[in-house]
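Asker: Dropping a structure here in structure tokens format, bear with me for questions.
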Amino acid sequence: MNRIEISTFLFAFFFISACSSSPKKFTEETSTVTQNKTIKLKIDWVKWKGKKIDFKIDLENLTDQFIVVPKSDFRCESGASKGTAKAIVGFMSMDAEAYKDQGADNVQINPDQTKEMTMTCVLPKGSTKNIFTLRIKNIYKVVGGASSTIPLQLLEKDVLWKTKLQ
């Protein structure tokens, strides 16, 4: 590469980096506490990326019981466009089916523990920047001891968190 090509490359790299949108950050006041006060859902930031939305969540167990949230019960959307929520592991995103193969298809939260997760919402083609909604379909508590099949009891349904994307 000659000097002009390097300069052009560096200019393009820094221009694209500067033009990319910054994540929208949220404070503690935007947290959602579930109806039965079992879990607090806090979104740290949301970043619109065109075909997907990246976001970081904190799930805090407010009880003295062990809580389980199936990864397949995370739902996301932008306006009327329903997306697929996936956890980001390193530089890869994996959906619930991939996690099942690894034996980690649930988010397990101990009493008084907070779990942090970075996720992405993969949107269908043609989705527009709109109201971002994260929905957790079901939250369970563990009612039995350790076994190959852990008995669960439903605690909460349809936990919602929304924000307008700008």
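The values are calculated or read from the model by the stated rules, or taken from the named source; none is laboratory data. The shown structure was predicted, so the numbers you read here are calculated from the model rather than taken from an experiment. A quick note on method: Cβ atoms are made from the backbone with ideal geometry, for glycine too, and the neighbour counts reach across all protein chains shown. To get the accessible areas, we keep the full protein, side chains included, count just its heavy atoms, and leave off ligands, DNA and RNA. Shrake-Rupley method; radii C 1.70, N 1.55, O 1.52, S 1.80 Å.
Asker: If we keep just the residues of region 125-150 that are open to solvent by less than 60 Å² (accessible area, probe 1.4 Å) and outside any strand (DSSP E or B), which is nearest to T38 (Cα to Cα)?
Answerer: G144
Asker: Still on this structure, please answer the following. Of everything in region 23-45, what is hydrophobic (A, V, I, L, M, F, W, C), under 23 Å from V142 (Cα atoms) and surrounded by 18 or more Cβ atoms within 10 Å (Cβ to Cβ)? Give them in sequence order.
Answerer: Of everything in region 23-45, those that are hydrophobic (A, V, I, L, M, F, W, C), under 23 Å from V142 (Cα atoms) and surrounded by 18 or more Cβ atoms within 10 Å (Cβ to Cβ) turn out to be I39, L41.
Asker: Something else about it: Would you confirm, using the coordinates I've provided, whether K115 is of a type outside the set (V, I, T), within 18 Å of V68 (Cα to Cα) and open to solvent by 40 Å² or more (accessible area, probe 1.4 Å)?
Answerer: yes
Asker: Among the residues in region 47-70, are any free of Cβ contacts under 8 Å to residues at least 40 places away in the same chain and closer than 18 Å to R135 by Cβ?
Answerer: For region 47-70, residues free of Cβ contacts under 8 Å to residues at least 40 places away in the same chain and closer than 18 Å to R135 by Cβ: absent.
Asker: Name the residues in region 151-166 that are surrounded by fewer than 16 Cβ atoms within 10 Å (Cβ to Cβ) and out of contact with any Gly (no Cβ under 7 Å at 6 or more places or on another chain), would you?
Answerer: Q153, L154, K157, D158, L160, K162, T163, K164, Q166
Asker: Shifting gears a bit: Please pick out the residue among F55, F66, F26 that is touching a Cys at 6+ places or on another chain (Cβ under 9 Å), of a type outside the set (V, I, T) and on the phi < 0 side of the Ramachandran plot.
Answerer: Result of the check over F55, F66, F26: F55.
Asker: To continue, here is another question. Can you give me the ranges of the strands (runs of 3 or more DSSP E) entirely in region 1-102 with at least 2 residues that are at pLDDT below 90 and farther than 15 Å from T114 by Cβ? Walk me through how you get there before you give the answer.
Answerer: Values: elements: 39-48, 52-61, 67-70, 74-78, 81-89, 92-94.
Because the criterion is at least 2 residues that are at pLDDT below 90 and farther than 15 Å from T114 by Cβ, the strands (runs of 3 or more DSSP E) in region 1-102 that meet it are 81-89, 92-94.
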